[in-house]
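What follows is one structure encoded as structure tokens, with my remarks underneath.
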Amino acid sequence: MTTPEMNDPSGELDRLLSDLPADLPLDEQKFAEDLMRQAQSNPPDSRFVEDLSNRLWLRHPANKPSMFKLRNFWLAFAGGAAAILILLFGLPFLRQPIPPVAVSNVTPSVVTSQVALVPTIVPTELPFLPLLGPSSVQASVNLSEQFPNAQWTLQANLPSDPTSAKVYRSVNRPEVSLENIRDLADKFGLKGQIYSRGSGQQDFISYIVIDGLSELDVFGQNMSFTFRPDVTRENDNHTVSLPFQQRAEVAVAFMKSRGLLDFDYSVEPGKLNTNEVYISRRMDGKYALLFTEPTSPEYVVNVAGDGTIQSIRGQTLNLQEAGIYPIRSAAEAWKDLISGNISGRFGYQVASYYPPVNSQSWVVRYTAGQKVETIGTPQSVPSADGGQAIVMMDNLILEGSLPQIAADNEQVMHITGTMKSENVLIVETIEPASIPLEDMGFLGTLTVTGQSASISTLDGRTLPIANPPAGLPDKEPASISGFLRQDGIIQWERIFAGPEMCASFSSGFSYSDAGNGGGGGGGGGGGGNGEGDMCLKYPNLHGNTTTGGFDNLQPGDSLVNPAAVVTPYKTGDSIDGLVVEINGYMLVKTNGTRVPQFYGNVFDNNGELEWSANLQGDRLTGLENQLHMMVRLWGTYRQAKNSPEIIVDRYERVDPAEKIGVWQGSIEANSIDGKNVFVLTTLDGTKYILRSSLRLPPQAFENNDQNAGGLNTVEGVLLPEKMGGYPVIRDVMNMNGRPQGDIQPQSTQMMEIGPDESVVDLISGQVNINNARLVYLLMDFAGGHLPEDHPARVLQPLWEFSGSLQDGRSVSLFVQAVDEKYIR
């Protein structure tokens, strides 16, 4: 997103993220601020944060003392990352239909038995469904423009059924309450107390139920959870994985015995780990429910090689039926997609998965009466249900004579004591540890000789391992948590080894709609990149998935039939000299073609915005020279899906002498004629009133920090009117930090919105589409944080056309299945 005057806005984005004034045009600054607000309101899925914490710990054991703080860092990072993802992937651009690409087998054979028929119901007064894809105002790009280097070949028999399908809404997840936590704990047979663990963010407090060696963690606001039957052996597994069929039988039997499979479901192997089983519901008993984070379905069950449950990660979906809608056939959807009839209204997902790896890990297991010396970061965990707080360090509960320990303690302590049970340590001595950070965690390559083992670390040391466990693999990458004793030997607590150390997976989902001022997005994934020479033997264990499109999902859009914008006109009326302020931006197509998009703002006598209309027609030439000018329009009015449009016949400037001026100086809040205003005092001492401030609420004048911090540059039009004796500027841009003397107007330049090359090149070459099916794609990427009226909460039937690329990646294209008349 650039203008000719600002070729590198990245520094300004950094200033905005740091709550500093940014040298951006007013419309771009508003756009960026909207993006950041969306990022803050869409935190990452809490299950992903927990999984990432565990994986980062695995790969960076030296950071163990700070793990309780990791989630704070990630949530802060994710907010900025969401905005960056949008800027990179989500900005819409001009997309006029062009001739379709050559496609073989465009007239597919039809198989009528592939999808079960849903009883046809003639809907009456069904609400509109959110458009999946950029709004019609954006003139969105079609398939061949979005991916100009791809050649599509249809090799699938397209189903003709069903002719109607249900639509669902994802309503708020169950409240994270003590009652709901207790109900969930009861399902797993846990009777222990409930404790709370804060993360520094009020909306991300986790809860833990401890019952002996069993533990249930409930995260965030949405009752997503992780259950571990035995915390001392969750990661103590180095056996060969069971065949998938056996794993699936164990997982399903366990989940059913706990009352967690009260819906139709499908089971598939995990994508990342050979011990995993994925369980997802089937909508209406027939259709797959997909996720924008494909490695986080409803349930992930980890089954050890001996057939025991190691862990269960899950979320609780709350779906409500929203009606039965008629749908177009798969053949019609494919034809519209290929021909460009639906323009850019499609979604896509491109994925690359590495073969699942077998996790190998060892954990020190304690017995009652055992003497223990350890190092870690103990933290106080308060009771949530009226009991006593406990002190925990990793999976150990500390008892005895302890100093005051805070919930956010970060001090590493050296502890000795005697085990009361397998996970309760009676502390005898506790004092601050003086061990360097690099001596508390180790990454490198194992060497195993007989009963001895050592690790060659990334910093060039070779360190022996005290009493190494049996079965450690030779010449394999490893991560060891523990500490280096004074005799130079590692006292280990956990060891992770094998190819999983070098495996990584990332995923991302983004959307935006520039017409509405921006969007939101999310990203997720797990794993860490291979470290140095230790991963040379595993160079290809990297996977990722990218989901795009669906750009019109905007927070606040109503999920009921929208009311038309109220104007003095109706469709077909003549427009005769209507005065508007011209605004617009330049849409850039993938082939470099630049096409301007214009709209006009209509204001009342007090300068308040009444309504806006998109300007259409072939007589708009020269409007790019009228940005922020008041012009009169002649033409014809119409409503396009309840949005005003004017087909312009001609226009003229209201005041030919009107022009954009530039002033520099300081801005202060003041009261003039009984009204709160912002006053600009220029460098020569002249004072001006900024007209935009007349429309601001009182609280806007309570803090003038946004205008403090140096020179202010204001662009606008000097009006003939005065207020309290001061001239008035109809200001259109206000920025800080611009150099003194830089008075070249920037607001007269068209902001450019165009594609990112990484998206254009995401799909290229021969693409074979070999499967078509009706699916539902859950885009509730914020894990229950989305507002109730967010369009991403609408779970619609989609036609999925899937296949593969020449490089082996999988690809899916998604087209709305619901009949066009129910889509807005």
*What number goes with the only condition from (1) at pLDDT below 90; (2) touching a strand residue (DSSP E or B) at 6+ places or on another chain (Cβ under 6 Å); (3) open to solvent by 40 Å² or more (accessible area, probe 1.4 Å); (4) polar (S, T, N, Q) that residue 491 does not pass?*
(1)
_Top-ranked residue in the range 352-374 [being open to solvent by less than 30 Å² (accessible area, probe 1.4 Å) and not in a loop (DSSP other than H, G, I, E, B); ranked as nearest to residue 496 (Cα to Cα)]_ = 361
*Can you run down the residue pairs with Cβ atoms below 6 Å, 6 or more apart or on separate chains, where the first is in the range 178-190 and over 10 Å from residue 216 (Cβ atoms) and the partner is open to solvent by 60 Å² or more (accessible area, probe 1.4 Å)?*
178/385
*Out of curiosity, is residue 197 at pLDDT 95 or above, open to solvent by less than 40 Å² (accessible area, probe 1.4 Å) and not polar (S, T, N, Q)?*
no
_Need pairs with beta-carbon distance below 8 Å; first residue without any contact (Cβ under 8 Å) to a residue 60 or more places away in the chain and within the range 533-547, second open to solvent by 50 Å² or more (accessible area, probe 1.4 Å) and part of a helix (DSSP H, G or I); sequence gap 6+ or separate chains._
none
*Please find, within the range 802-824, the residue that is surrounded by the most Cβ atoms within 10 Å (Cβ to Cβ) out of those that are within 16 Å of residue 162 (Cα to Cα) and among the hydrophobic types (A, V, I, L, M, F, W, C).*
817
*asked:* Which of the numbered conditions does residue 263 fail, given that it passes all the others? Conditions: (1) more than 30 Å from residue 499 (Cβ to Cβ); (2) assigned to a strand (DSSP E or B).
replied: (2)
*Select from the range 269-296 the residues that are free of Cβ contacts under 8 Å to residues at least 40 places away in the same chain and in a strand (DSSP E or B) and write down the one among them that is farthest from residue 507 (Cα to Cα).*
282
*Has the range 215-238 got any residue that is at pLDDT 90 or above and open to solvent by 50 Å² or more (accessible area, probe 1.4 Å)?*
no
*Name every residue in the range 663-695 that is aliphatic (A, V, I, L, M) and open to solvent by less than 30 Å² (accessible area, probe 1.4 Å), in order of residue number.*
667, 672, 677, 679, 680, 689, 690
*Take the residues of the range 298-327 that are surrounded by 18 or more Cβ atoms within 10 Å (Cβ to Cβ) and either in contact with a helix residue (DSSP H, G or I) (Cβ under 6 Å, 6 or more places away or on another chain) or of a type in the set (Lys, Arg) (or both): which is farthest from residue 163 (Cα to Cα)?*
309
*List, please: which pairs have Cβ atoms under 9 Å, are six or more places apart or on different chains, and start with a residue in the range 792-809 that is outside any strand (DSSP E or B) and end with one that is among the aromatic types (Phe, Trp, Tyr) and open to solvent by 10 Å² or more (accessible area, probe 1.4 Å)?*
792/781; 796/168; 809/353
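Residues checked against (1) part of a loop (DSSP other than H, G, I, E, B); (2) touching a residue at least 24 places away in the same chain (Cβ under 8 Å); (3) loosely packed, with under 15 Cβ neighbours inside 10 Å:
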residue	(1), (2), (3)
388	yes, no, yes
392	no, no, no
397	no, yes, no
405	yes, yes, no
408	yes, yes, yes
411	yes, yes, yes
417	no, yes, no
429	no, no, yes
*Which listed residue is in a loop (DSSP other than H, G, I, E, B), out of contact with any strand residue (DSSP E or B) (no Cβ under 9 Å at 6 or more places or on another chain) and at pLDDT below 90, from 530, 518*: 518
*Selection status of residue 436, more than 30 Å from residue 303 (Cα to Cα) and open to solvent by 50 Å² or more (accessible area, probe 1.4 Å)*: yes
*When the residues of the range 533-577 are filtered to those that are modelled with pLDDT of 80 or more and on the phi > 0 side of the Ramachandran plot, which remaining residue is surrounded by the most Cβ atoms within 10 Å (Cβ to Cβ)?*
577
*What number goes with the only condition from (1) part of a loop (DSSP other than H, G, I, E, B); (2) in contact with a strand residue (DSSP E or B) (Cβ under 9 Å, 6 or more places away or on another chain) that residue 662 does not pass?*
(1)
*asked:* Contact list please: Cβ distance under 6 Å, first residue in the range 315-332 and within 30 Å of residue 226 (Cα to Cα), second residue crowded, with 18+ Cβ neighbours inside 10 Å and aliphatic (A, V, I, L, M), pairs at least six apart or on different chains.
replied: 316/223
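How about the range 329-341: which of its residues are open to solvent by 10 Å² or more (accessible area, probe 1.4 Å) and either within 30 Å of residue 273 (Cα to Cα) or not hydroxyl-bearing (Ser, Thr, Tyr) (or both)? Please lay out each step first, then the result.
Here is the first cut: in the range 329-341, the ones open to solvent by 10 Å² or more (accessible area, probe 1.4 Å) are 329, 331-332, 335-336, 338-339, 341.
Correct list: 331, 332, 335, 336, 338, 341.
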_Suppose we keep only residues that are in contact (Cβ under 8 Å) with a residue 12 or more places away in the chain and open to solvent by 60 Å² or more (accessible area, probe 1.4 Å) within the range 245-267. Which one would you say is farthest from the chain's Cα centre (by Cα)?_
246
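The values are calculated or read from the model by the stated rules, or taken from the named source; none is laboratory data. Computed from a predicted structure; not experimentally measured. We place every Cβ from the backbone using ideal geometry, glycine too, and count neighbours over all the protein chains shown. Just so you know, the surface numbers come from the protein's heavy atoms only, side chains and all, with ligands and any DNA or RNA stripped out. Shrake-Rupley method; radii C 1.70, N 1.55, O 1.52, S 1.80 Å.
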